[in-house]
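Participant: Before anything else, here's the structure in question.
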Amino acid sequence: MKRYPVKHPIPRFGLAPAPLALALLISGCATPQGGPAPETAAAAAEVSAIADAPQAYPRFSDIPALPEDTRPLAVWGQIASDVLAGGSDLVRDTSEETWTLRDTESFASEARLEAGPPVSLVSATAAAEAFAREVRKRATPPPPPVR
């Protein structure tokens, strides 16, 4: 007789974590939520005095009024619509069909004019060579002592 595996509606480990989860939930409720401060603490008396002192709690009348110089909600919606429209305009303007590489010479000549005259590299090269000579001269070991 051939046995077919039974497909259970609950997987093997489906209920295994349940006791652990229940224990964690119950232990969260069992932790102490306060109580007296320990007497060994240096500031225990002061902390207790501050905690037990009568305090003024805020009232609803203490909440400030709404400011008058804010935008109405409809204006916020209009600004959001404008931002979304600007985003779609940007996507449309930067699509693949809008990029071309025509007339690059005029662009390059304008960029060269804005950049100014080319920098002379001769003076920089001469200064670098002079520095290298000076460093090599200082790096030469002294002659051996005469015996």
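The values are calculated or read from the model by the stated rules, or taken from the named source; none is laboratory data. Please read these numbers as outputs of a predicted model, since none were measured by experiment. Remember, those area values only see protein heavy atoms, side chains included, never the ligands or the DNA or RNA. Shrake-Rupley method; radii C 1.70, N 1.55, O 1.52, S 1.80 Å.
Participant: With GLU97, GLU129, GLU134 as the choices, which residue is open to solvent by 100 Å² or more (accessible area, probe 1.4 Å) and assigned to a helix (DSSP H, G or I)?
Facilitator: Going through GLU97, GLU129, GLU134 in turn, just one is open to solvent by 100 Å² or more (accessible area, probe 1.4 Å) and assigned to a helix (DSSP H, G or I): GLU97.
Participant: A further question follows. Out of all the residues in the stretch 103-111, is one or more assigned to a loop (DSSP other than H, G, I, E, B), open to solvent by less than 100 Å² (accessible area, probe 1.4 Å) and at positive phi?
Facilitator: No.
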